[in-house]
Amino acid sequence: MTSQGVDEVRAGLSAYLTRLWRYGLVLSGARDVADDLVQATCVRAIERAEQFQAGTKLDRWLFAILRSIWLNELRSRRVREGGGLVDASEALVVDGAREMETNIVAGQVLKAVGRLPESQREAVLLVYGEGRSYNEAAEIMGVPIGTIMSRLAAARLTLGKMK
């Protein structure tokens, strides 16, 4: 219980809001739910800032909190299948010809990734979207590293078959 950890959480929290929201969006598939998840994550992080170990990776701790909140939410109420999903084309900004091409391809990739099972989607975001190592993704998701590897392999196979 150090004030240094509390100070680090308060000083660094805002830098991760966009990444937390993106993770919340991948987990929930709904913008408003992602907003709520980020808000709840911030509240919990501030309330429990003394539990953060100064010098460790704040983003990993925040991702774990957000995931825990999401899992608790899933346990407490059933989430409607397909409700409030974000169309990838709406989530991307179009600005210029080159950006338009990039956004079209990115939109296609996001749609394909969105059709993956939740566990595979989450692994893909953490490893490929967030640049986490397999070990870090395994810690965040609370599964063995082999599970991350198999989920990513299955996601790659599925994505390779999609057209």
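Any read-out appearing in this document is the output of simple, stated calculations on the displayed coordinates, not a laboratory observation. Remember, predicted model here, so these are calculated numbers, not experimental data. Here Cβ is always computed from backbone atoms with ideal geometry, including for glycine, and neighbour counts include all displayed protein chains.
Here are the numbers for this structure:
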{"read-out": "For the range 1-86, size of Cβ-based charge dipole, Lys and Arg +1, Asp and Glu -1, in debye", "value": "300 debye"}
{"read-out": "Sites Arg10 and Val109, calculated FRET efficiency, Cβ-Cβ separation with R0 45 Å, nearest 0.05", "value": "0.80"}
{"read-out": "Mean Cα-pair separation over length for the range 1-86, i.e. relative contact order, pairs under 8 Å, 6 or more apart, %", "value": "41 percent"}
{"read-out": "For the range 1-86, radius of gyration divided by Kirkwood radius, i.e. Rg to Rh on alpha-carbons", "value": "1.02"}
